[in-house]
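Trainee: Questions regarding the structure given below will be posed in turn.
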Amino acid sequence: MSSDADNKGRNFAPEGWRTSVSASLRKALPWIGSAVVVAAAVTIYMLAHARPDPQAAADRERGIPGASSVQVQVLNASGNDGMALRLTDFLRSRGYDVVDIGNAVATAHTAIVDRSGKSGAATGVAEAMGLKNPPIRRQIDPKLFLDVTVVLGRDAGTLSCVRTQSWRNDR
């Protein structure tokens, strides 16, 4: 058996292997370098010319967090199949992160529930749904990992965001 000391300095790679890798790498380096430079230039250009979203700026001024940072639960308590799925599609098309969808005990009116106390999250969801000054219940529960729960009541059929799917084209 040979020890590591005996093998020091020996090349166990097939003959010619090292030189071919080195030559290939030398040929590829200018291309790799060029790709990195182009990627950096494109990134800098995109960052410099990014147009701020006026709605996002207005939301920030009013204390409403960005839609993508709001985790929403949608519960169907309307008695009509598919309503929660329609609202989920609608909210996701607006950038909201719908993390849970399910059913609840039937109720007459659609309710918005603030689960996190995040300033404006529940208000932002309600406004996206087209609700004007809805009552927002505060039931903070950090164990749920949610910001907002929407409970669709029997009145959900009157909400344009679930009544039709024409909203898909008016983003």
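Trainee: For region 79-171, what's the relative contact order in percent, using C-alpha pairs closer than 8 Å and at least 6 residues apart?
Mentor: Numbers: 132 pairs, mean separation 35.2, N = 93.
Computed over region 79-171, the figure is 38 percent.
Trainee: Here is a further query. Between D100 and L47, what is 0.36 nm times their sequence separation minus the Cα-Cα distance? Round to one decimal in nm.
Mentor: Values: separation 53, 0.36 × 53 = 19.08 nm, distance 3.36 nm.
Full extension from D100 to L47 adds 15.7 nm.
Trainee: For the pair S93/K143, report the inter-label distance in nm, with labels modelled 7 Å from Cα in the Cβ direction.
Mentor: Inter-label distance under the simple model: 3.7 nm.
Trainee: Another question about this same structure. If you take every residue apart from S78 with its C-beta less than 10 Å away from the C-beta of S78, what net charge results, scoring Lys and Arg +1 and Asp and Glu -1?
Mentor: Values: positive: R154; negative: D81, D155.
Residues near S78 contribute -1 overall.
Trainee: Multiplying the sequence separation of K27 and R163 by 0.36 nm and subtracting their Cα-Cα distance, what value in nm do you get?
Mentor: Details: separation 136, 0.36 × 136 = 48.96 nm, distance 6.08 nm.
Computed gain between K27 and R163 is 42.9 nm.
Bear in mind that the values in this text are calculations on the coordinates, not laboratory data. From a predicted model like this one, the values you see are computed outputs, not experimental measurements. Heads up, the Cβs are rebuilt from the backbone with ideal geometry, glycines too, and the neighbour counts pull from every protein chain shown.
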